[in-house]
1. Taking residue 61 as the anchor, which lysines have their alpha carbon closer than 28 Å to its alpha carbon, excluding any fewer than eight residues away along the same chain?
2. If you roll a 1.4 Å probe over the stretch 29-169 with all protein chains in place, what percent of the accessible area is carbon or sulfur?
3. Rolling a 1.4 angstrom probe over the protein heavy atoms, how many square angstrom per residue are accessible across the chain?
4. Quote to one decimal, in nm, the extra length available between residue 117 and residue 51 on full extension: 0.36 nm per residue of separation minus the C-alpha distance between them.
5. Report the normalised scattering of the chain as log10 I(q)/I(0) at q = 0.08, 0.16 Å⁻¹, calculated by the Debye formula with identical scatterers on the alpha carbons.
6. If 86, 66 are ordered by their accessible area, calculated over protein heavy atoms with a 1.4 Å probe, which sequence runs from highest to lowest?
7. Using only DSSP helix segments of four residues or longer, with each worth -39500 (n - 2.57), what per-residue ellipticity at 222 nm results for the chain after dividing by its residue count and rounding to 500?
8. For residue 86 and residue 4, what is the calculated FRET efficiency with R₀ set at 25 Å and r taken between the beta-carbons, to the nearest 0.05?
Amino acid sequence: NPKYAEREWQWYLSQNPSVAEIKKYAPLWDTMHGGDNIVNSNYGWQWGLNNQLDKCIEQLKKNKDTRQAWFSIFDGKEKDKYKFDTPCTLAVGFDVRPYDPESLNMTVTMRSNDLVFGFCNDQYCFSKLQELVANELGLRVGNYYHFAHDLHVYEKHLNLKEQWRKRNQ
(Lines give C-alpha, C1' and ligand atoms only; values in the text may rest on other atoms or scores of the structure.)
Protein backbone atom coordinates (compact mmCIF):
# COMPACT_ATOMS: atom_id res chain seq x y z
CA ASN A 1 0.00 0.00 0.00
CA PRO A 2 1.87 3.09 -1.21
CA LYS A 3 -0.18 5.41 1.01
CA TYR A 4 0.72 3.42 4.12
CA ALA A 5 4.38 3.10 3.07
CA GLU A 6 4.57 6.90 2.80
CA ARG A 7 2.98 7.22 6.27
CA GLU A 8 5.60 4.87 7.67
CA TRP A 9 8.34 6.89 5.97
CA GLN A 10 6.99 10.10 7.47
CA TRP A 11 6.87 8.41 10.86
CA TYR A 12 10.54 7.45 10.47
CA LEU A 13 11.39 11.03 9.55
CA SER A 14 9.71 12.19 12.77
CA GLN A 15 12.17 10.01 14.74
CA ASN A 16 9.38 9.47 17.27
CA PRO A 17 9.32 5.89 18.62
CA SER A 18 5.64 6.18 19.64
CA VAL A 19 3.16 4.11 17.62
CA ALA A 20 0.19 6.21 18.80
CA GLU A 21 -0.50 7.52 15.27
CA ILE A 22 0.89 4.80 12.97
CA LYS A 23 -1.10 2.05 14.71
CA LYS A 24 -4.30 3.72 13.43
CA TYR A 25 -3.22 2.65 9.93
CA ALA A 26 -1.48 -0.63 10.81
CA PRO A 27 -2.93 -2.16 14.00
CA LEU A 28 -0.03 -4.63 14.16
CA TRP A 29 2.04 -1.83 15.72
CA ASP A 30 -0.26 -1.89 18.74
CA THR A 31 0.94 -5.43 19.53
CA MET A 32 4.61 -4.44 19.56
CA HIS A 33 4.93 -2.40 22.76
CA GLY A 34 4.54 -2.96 26.47
CA GLY A 35 1.63 -0.58 27.00
CA ASP A 36 3.56 2.65 26.53
CA ASN A 37 3.27 2.88 22.69
CA ILE A 38 7.08 2.97 22.41
CA VAL A 39 8.81 0.61 19.96
CA ASN A 40 12.35 -0.06 18.80
CA SER A 41 11.39 -0.38 15.13
CA ASN A 42 11.02 3.26 14.22
CA TYR A 43 14.10 3.23 12.03
CA GLY A 44 14.32 7.02 12.00
CA TRP A 45 14.50 7.02 15.77
CA GLN A 46 17.26 4.43 15.48
CA TRP A 47 19.34 6.32 12.91
CA GLY A 48 18.90 9.45 15.02
CA LEU A 49 20.40 7.78 18.09
CA ASN A 50 23.87 9.23 18.55
CA ASN A 51 23.29 11.10 15.26
CA GLN A 52 24.27 7.97 13.35
CA LEU A 53 22.84 9.08 10.00
CA ASP A 54 24.26 12.60 10.27
CA LYS A 55 27.68 11.11 11.01
CA CYS A 56 27.45 8.89 7.90
CA ILE A 57 26.67 11.94 5.77
CA GLU A 58 29.57 13.88 7.29
CA GLN A 59 31.94 10.96 6.71
CA LEU A 60 30.96 10.86 3.04
CA LYS A 61 31.28 14.62 2.68
CA LYS A 62 34.83 14.44 4.03
CA ASN A 63 35.84 11.28 2.17
CA LYS A 64 33.74 9.77 -0.64
CA ASP A 65 35.92 6.64 -0.43
CA THR A 66 35.07 5.85 3.21
CA ARG A 67 33.93 2.36 4.05
CA GLN A 68 32.66 3.48 7.46
CA ALA A 69 29.40 5.23 6.52
CA TRP A 70 27.20 2.70 8.31
CA PHE A 71 24.61 2.94 11.04
CA SER A 72 23.16 0.12 13.11
CA ILE A 73 19.57 -0.56 14.07
CA PHE A 74 19.46 -4.00 15.73
CA ASP A 75 21.99 -3.99 18.54
CA GLY A 76 22.81 -7.27 20.21
CA LYS A 77 23.99 -5.35 23.27
CA GLU A 78 20.41 -4.13 23.75
CA LYS A 79 18.55 -7.45 23.49
CA ASP A 80 17.00 -6.89 26.90
CA LYS A 81 15.06 -3.98 25.35
CA TYR A 82 13.56 -6.24 22.66
CA LYS A 83 10.90 -7.96 24.77
CA PHE A 84 7.98 -6.68 22.66
CA ASP A 85 9.64 -5.42 19.48
CA THR A 86 12.86 -6.63 17.89
CA PRO A 87 14.12 -4.55 14.94
CA CYS A 88 14.31 -6.55 11.73
CA THR A 89 17.05 -4.41 10.18
CA LEU A 90 20.62 -4.94 11.30
CA ALA A 91 22.38 -2.06 9.58
CA VAL A 92 22.43 0.33 6.63
CA GLY A 93 25.58 1.43 4.81
CA PHE A 94 26.36 3.97 2.11
CA ASP A 95 29.22 4.11 -0.35
CA VAL A 96 30.43 5.87 -3.47
CA ARG A 97 32.39 3.66 -5.85
CA PRO A 98 35.39 4.91 -7.83
CA TYR A 99 33.85 3.67 -11.11
CA ASP A 100 30.76 5.85 -10.48
CA PRO A 101 31.81 8.75 -8.23
CA GLU A 102 28.58 10.68 -8.80
CA SER A 103 26.25 7.99 -7.38
CA LEU A 104 25.42 6.95 -3.83
CA ASN A 105 24.96 3.23 -3.27
CA MET A 106 23.25 1.80 -0.23
CA THR A 107 23.28 -1.63 1.41
CA VAL A 108 20.57 -2.78 3.82
CA THR A 109 21.18 -5.90 5.88
CA MET A 110 18.16 -7.51 7.46
CA ARG A 111 18.03 -9.97 10.33
CA SER A 112 14.52 -11.00 9.36
CA ASN A 113 12.25 -9.85 6.55
CA ASP A 114 8.60 -10.67 5.88
CA LEU A 115 8.28 -10.72 2.09
CA VAL A 116 4.59 -9.82 1.94
CA PHE A 117 4.40 -6.66 4.06
CA GLY A 118 7.77 -5.99 5.68
CA PHE A 119 9.88 -6.05 2.51
CA CYS A 120 7.47 -3.85 0.59
CA ASN A 121 7.48 -1.14 3.24
CA ASP A 122 11.19 -1.54 3.97
CA GLN A 123 12.30 -1.18 0.36
CA TYR A 124 10.08 1.88 -0.03
CA CYS A 125 11.36 3.59 3.12
CA PHE A 126 14.98 2.67 2.59
CA SER A 127 14.80 3.85 -1.04
CA LYS A 128 13.49 7.16 0.26
CA LEU A 129 16.38 7.25 2.74
CA GLN A 130 18.90 6.64 -0.04
CA GLU A 131 17.33 9.47 -2.04
CA LEU A 132 17.46 11.78 1.00
CA VAL A 133 21.15 11.07 1.64
CA ALA A 134 22.07 11.32 -2.06
CA ASN A 135 20.35 14.71 -2.26
CA GLU A 136 22.18 15.88 0.87
CA LEU A 137 25.49 14.91 -0.78
CA GLY A 138 24.60 16.26 -4.23
CA LEU A 139 24.84 12.78 -5.75
CA ARG A 140 22.60 10.60 -7.91
CA VAL A 141 20.89 7.57 -6.42
CA GLY A 142 22.98 4.53 -7.24
CA ASN A 143 22.44 0.85 -6.51
CA TYR A 144 20.36 -0.39 -3.60
CA TYR A 145 21.42 -3.77 -2.19
CA HIS A 146 18.99 -5.54 0.15
CA PHE A 147 20.20 -8.64 1.97
CA ALA A 148 17.89 -10.62 4.22
CA HIS A 149 19.30 -13.35 6.45
CA ASP A 150 15.78 -14.77 6.84
CA LEU A 151 13.35 -13.79 4.08
CA HIS A 152 10.03 -15.46 4.74
CA VAL A 153 6.31 -15.58 3.99
CA TYR A 154 4.02 -16.25 6.92
CA GLU A 155 1.57 -19.12 6.50
CA LYS A 156 -1.37 -16.73 6.93
CA HIS A 157 -0.24 -14.95 3.74
CA LEU A 158 0.10 -18.02 1.53
CA ASN A 159 -3.40 -17.65 0.13
CA LEU A 160 -3.34 -13.87 -0.45
CA LYS A 161 -3.40 -14.30 -4.22
CA GLU A 162 -6.53 -16.42 -3.98
CA GLN A 163 -8.16 -13.95 -1.55
CA TRP A 164 -7.36 -11.07 -3.92
CA ARG A 165 -8.80 -12.98 -6.89
CA LYS A 166 -12.07 -13.65 -5.02
CA ARG A 167 -12.43 -10.00 -3.98
CA ASN A 168 -11.87 -8.79 -7.53
CA GLN A 169 -14.21 -11.13 -9.44
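The values are calculated or read from the model by the stated rules, or taken from the named source; none is laboratory data. Just so it is clear, the structure is predicted and the values come from calculations on it, not from any experiment. Heads up, the Cβs are rebuilt from the backbone with ideal geometry, glycines too, and the neighbour counts pull from every protein chain shown. Heads up: the accessible areas ignore ligands, DNA and RNA and are worked out on the full protein's heavy atoms, side chains in. Shrake-Rupley method; radii C 1.70, N 1.55, O 1.52, S 1.80 Å.
1. Excluding near neighbours in sequence, the set is 128.
2. C and S atoms contribute 50 percent here.
3. 60
4. Numbers: separation 66, 0.36 × 66 = 23.76 nm, distance 2.82 nm.
Using 0.36 nm per residue and subtracting the Cα-Cα distance, I get 20.9 nm.
5. -0.27, -0.99
6. 86, 66
7. Mean residue ellipticity, 222 nm, calculated: -10500 deg cm²/dmol.
8. Numbers: r = 21 Å, r/R0 = 0.85.
Step by step, r from the Cβ atoms, then E = 0.70.
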